[in-house]
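Asks: Following this message is one structure expressed as structure tokens.
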Amino acid sequence: MQDSRKYTGIVEDCCCDYETVDTINGAVLHPLLQGLVTTAFFRYFKVKLWCDCPFWPDDGMCKLRDCSVCECPENEFPESFRRPPLGLAADDLKCQEGKPEAAVDRTLDSKVFRGWIEVDNPWTVDDETDNGEMTYVNLLLNPERYTGYTGPSARRIWDAIYSENCPKYASGEICQEKKVLYKLISGLHSSISIHIAADYLLDETKNEWGRNPDLMYDRVLQYPERVRNLYFTFLFVLRAVTKAKDYLEQAEYDTGNPEEDLKAQSLIRQLLYNPKLQAACPVPFDEAKLWKGQSGPELKQQIQKQFRNISALMDCVGCEKCRLWGKLQVLGLGTALKILFSVDGEYRHDQHLQLQRNEVIALVNLLNRLSESIKLVQEMSPTFEKTMKGLSLQPAAKFISSWNRLLKTVLGDRLRKLTL
């Protein structure tokens, strides 16, 4: 079995090696990101959860038993909850009774965000200005985990993503642009599968949650390419964060809670200017080498269109909580693409980068999800290596034992004949 610990050298199409990624992620990035996503600014995400699927008619609403969402009576909310943030209608604020695993908990607190401009993202289907149908979700109350969303509906989403929008590149493909989108989606897919397996409903009767190592192995760890693509996606998104460091440092992380806001700003600066990261992996991914030549602009438009289709497919996800995390992470990936490729693949100082608050929240949360996935791969791979070695040794031991018995039998017969 090949796992991430056996990978050496540079991550394909990136500028850092596997060992450096593992070391920097464990020592620097993962602890910083884990703290960052718990701050008031980064734990609230604006999302349109109920949308019509633009591609097929029968998955507009969740069909799972545990997907239902209730509208709480107004007297259940504290007074501060009844004042809708950012102009949302009061009837858009909903909560979830019982919090079944596939439903979204919409509980909010009184903190609000201010000072961000709504701008278009050419890489995603942009509905941020449609505040009438948007609601805020506390991500800490809705972790990415197993929901029971399986079967034809879930498979159809991934089939549509891969077959229609990012088909696997042919073996020996030398055009890096044609490989990027597939590797990004494959890496994101691997990360999602890892988180489902890492927080799995092991016993529904006891409401017992924990790791499902067999599922993690079956979906990701036994496929070296999927692990490699996870590393690629992580470095791609990390490059977007570091490239946007001036914007992210100067942004206002204002939620009305000075202590929380100072913490978020401090952690952002630690992330952007960490000396260990700058020394070990100053440029995780070199985007400047893409979109060169006469076909560059056409390729970019094609990939941009494909990614927009993928973002639109998130409205077809039949599980509410899966739709939440799908939309957030696709928006995060679209934000990374916007940062790296918004100006013909090159950064020009005469064109200022503009990001929505929601884009920054999605970008940082996506980087955290990828960081945690890499850490989980590191933790789980040695266990599987030992298990697989044990399984492979058992047949070998049986074969050697049988061979020895055969040799003894043959040699014994020959020795008896010689003595006669």
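The values are calculated or read from the model by the stated rules, or taken from the named source; none is laboratory data. A quick note: this is a predicted structure, and the numbers were derived from the prediction, not measured. With ideal geometry, Cβ positions are generated from the backbone for all residues, glycine too; neighbour counts draw on all protein chains shown. Only protein heavy atoms, including side chains, enter the accessible area calculation; ligands, DNA and RNA are left aside. Shrake-Rupley method; radii C 1.70, N 1.55, O 1.52, S 1.80 Å.
Asks: Between Leu202 and Leu140, what is the label-to-label distance in nm when each label sits 7 Å out along the Cα-to-Cβ direction?
Replies: Those two pseudo-labels are separated by 2.6 nm.
Asks: Still on this structure: Picking from Leu340, Asn274, Ala312, whose Cα lies most toward the positive end of the charge dipole for segment 254-360 (charges on Cβ: Lys, Arg +1; Asp, Glu -1)?
Replies: Looking along the dipole axis, the top candidate is Ala312.
Asks: Could you give the nm distance between label points at Ser295 and Thr38, where each point is 7 Å from its Cα heading toward the beta carbon?
Replies: With each label point 7 Å from Cα toward Cβ, the separation is 4.9 nm.
Asks: Still on this model: Would you tell me the accessible area of His189, worked out with a 1.4 angstrom probe on the heavy atoms of the protein chains, in Å² to the nearest 10?
Replies: Here the residue's solvent-accessible area equals roughly 50 Å².
Asks: I've got another one for you. Please sort 289-301, 153-165, 321-333 by packing, taking for each peptide the average over its residues of neighbouring beta carbons within 10 angstrom, highest first.
Replies: Per-residue Cβ counts within 10 Å, averaged per peptide and sorted highest first, yield 321-333, 153-165, 289-301.
Asks: Sticking with the crude label model, points 7 Å out along Cα→Cβ, report the distance from Glu259 to Ser163 in nm, one decimal please.
Replies: 5.4 nm
Asks: Right, another one. Quote the convex hull volume per residue of segment 144-277, based on C-alpha atoms, as a whole number of Å³.
Replies: Taking the convex hull of the Cα positions in segment 144-277, it is 198 Å³ per residue.
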